[in-house]
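The structure appears below as structure tokens.
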Amino acid sequence: MNDAPDARRYRTIFLSDVHLGTKGCQADMLLDFLRWHDADTIYLVGDIVDGWRLRSGWYWPQAHNDVVQKLLRKGRKGARMVYLPGNHDEFLRDYYGSHFGGIEVVETAIHESADGKRFLVIHGDVFDVVVRHAKWLAFLGDGAYTAALGVNTYLNWCRRKLGFPYWSLSQWAKLKVKNAVNFIGRFEEAVANEARRHKVDGVICGHIHHAVMHDRFGVDYLNCGDWVESCTAIVEHPDGRFEMIDWARRSREGVELPVALPAPKVAA
């Protein structure tokens, strides 16, 4: 699929948590997004490929291969591609400093926006206590999450038959279950503290599949979200302004809508 002739061009695009190699990956939605959006620099902020799931059973349909080819093609056309491995694609952490098909593999990055602000870019799993100190529990949680996505697929099939729009069970749980809400808050605060330690203006991360932009902890916190549930990305405009693009919502409603997510004070 070629890029649209009137594709929007940004200074930077940030994508995370695509989870290629899983049935939950919304590869077709991501391909559509990539067709309509270009950038000078594209950051792949971890968990792009799901090595955990591929180890337990191979799943790699054509659409997943198409995503890889589309990203490589953008690199060949001149985009700088930066890959920051997460916990699900941790096998790439043995290759920091390497280049694959024009894609740089790095542990962390400092991104300077067009208006001079500096942002720490990191996947974020190192600030997840479960992943760091109880990996077996993380694998168990991953299995439960996959099961929830399976339930969600059936539920939304029924909703489509009844004329209702897409609804995410796991996203709802994150916002309603007290422990999940508390975990998100602790994670965001820990990542914000790391940004302060690096003496930067903000942090751009992924990992927890919770797309949001805010400055509640004294620095700009931007989480890319994912391409399993929310289908969201962060883009930087030529003037340094950041925007969260909810591609699932825009595609569903067929129009360019104002962003409904809260935004931090990151405009020039």
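Read-outs throughout are calculated quantities, based only on the coordinates presented, and are distinct from any laboratory measurement. Owing to the predicted nature of the structure, the values given are computational and were not obtained by experimental measurement. Counting neighbours? That spans all protein chains shown, and the Cβs are built from the backbone with ideal geometry, glycine included.
Does region 1-111 classify as rounded, prolate or oblate by the C-alpha gyration tensor (a ≥ b ≥ c root eigenvalues; a/c under 1.5 gives rounded; else a/b over b/c gives prolate, otherwise oblate)? Taking the square roots of the gyration eigenvalues as a ≥ b ≥ c, region 1-111 is oblate.
Averaging sequence separations of C-alpha pairs under 8 Å and six or more residues apart, then dividing by the length of region 1-120, give the relative contact order as a whole percent.
Numbers: 202 pairs, mean separation 28.7, N = 120.
Computed value for region 1-120: 24 percent relative contact order.
Modelled spin-label separation between residue 40 and residue 239, with each label point placed 7 Å from Cα along the Cα-to-Cβ direction: 1.6 nm.
What FRET efficiency comes out for the pair residue 95/residue 158, r = Cβ-Cβ distance, R0 = 35 Å, nearest 0.05? Present the calculation step by step, with values, prior to reporting the outcome.
Values: r = 43 Å, r/R0 = 1.24.
It comes out at approximately 0.20.
For residue 9 and residue 29, a Förster radius of 35 Å and the Cβ-Cβ distance give a FRET efficiency of 0.95, rounded to the nearest 0.05.
How large is the Kirkwood hydrodynamic radius of region 26-88, in angstrom, based on all distinct alpha carbon pairs? Spell out each step's value before the answer.
On the way: mean 1/r = 0.0792 Å⁻¹.
Evaluated over region 26-88, this radius sits at 12.6 Å.
For chymotrypsin sites (Phe, Trp or Tyr not before Pro), the sites in region 70-117 that DSSP calls loop and that have at most 14 other Cβ atoms within 10 Å are 96.
For region 178-243, which trypsin sites (Lys or Arg not before Pro) pass both filters: DSSP loop (anything but H, G, I, E, B) and at most 15 other C-beta atoms within 10 Å?
On the way: sites: 178, 186, 196, 197, 199, 216, 241; in loops: 199, 216, 241.
Those that pass, being in a loop and sparsely packed, are 199, 216.
Of the trypsin sites (Lys or Arg not before Pro) in region 21-111, the ones in a loop by DSSP (not H, G, I, E or B) with at most 16 other beta carbons within 10 Å are 23, 77.
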